[in-house]
1. Could you tell me whether residue 26 is over 15 Å from the mean Cα position of the chain (by Cα) and without any contact (Cβ under 8 Å) to a residue 60 or more places away in the chain?
2. Could you check segment 11-30 and list, in sequence order, the residues that are surrounded by 14 or more Cβ atoms within 10 Å (Cβ to Cβ) and either part of a helix (DSSP H, G or I) or modelled with pLDDT of 95 or more (or both)?
3. The conditions are (1) at pLDDT 95 or above; (2) surrounded by 14 or more Cβ atoms within 10 Å (Cβ to Cβ), and residue 49 fails exactly one of them. Which is it?
4. Any idea which of 39, 76 is assigned to a helix (DSSP H, G or I), free of Cβ contacts under 8 Å to residues at least 60 places away in the same chain and either loosely packed, with under 15 Cβ neighbours inside 10 Å or touching a helix residue (DSSP H, G or I) at 6+ places or on another chain (Cβ under 9 Å) (or both)?
5. Within segment 78-85, is even one residue at pLDDT 95 or above and under 10 Å from the mean Cα position of the chain (by Cα)?
């Protein structure tokens, strides 16, 4: 039997990467390395949500669970941008 694990991923990874990319325009002083650090910090503050298909998870979530996930995402991103900025000290990498 061949088992294909390639479909399994953490739901938050592409969501965080996309959000950091979108928010990068509001942070022109952040280098590419700092933005990668922001993504790492944010992901470390979020629970791992492994799944095969994003649509499956969204289908089974209740509206309050969706809102809670969105709030957690926004809080993690806000914290991460502040954390990296506070600790960058003019360097290109903080994590």
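The values are calculated or read from the model by the stated rules, or taken from the named source; none is laboratory data. Model, not experiment: these values are computed from the prediction. When we count neighbours, we look across all protein chains shown, and the Cβ atoms used for this are built from the backbone with ideal geometry, even at glycine.
1. Numbers: over 15 Å from the mean Cα position of the chain (by Cα): yes; without any contact (Cβ under 8 Å) to a residue 60 or more places away in the chain: yes.
The answer is yes for residue 26.
2. Keep residues of segment 11-30 that are surrounded by 14 or more Cβ atoms within 10 Å (Cβ to Cβ), which gives 11-13, 15-17, 19-20, 23-24, 27, 30.
Passing the criteria: 12, 13, 15, 16, 17, 19, 20, 23, 24, 27, 30.
3. The one condition residue 49 does not meet is (1).
4. On the way: 76 fails: free of Cβ contacts under 8 Å to residues at least 60 places away in the same chain.
On inspection, the qualifying residue turns out to be 39.
5. For segment 78-85, residues at pLDDT 95 or above and under 10 Å from the mean Cα position of the chain (by Cα): present.
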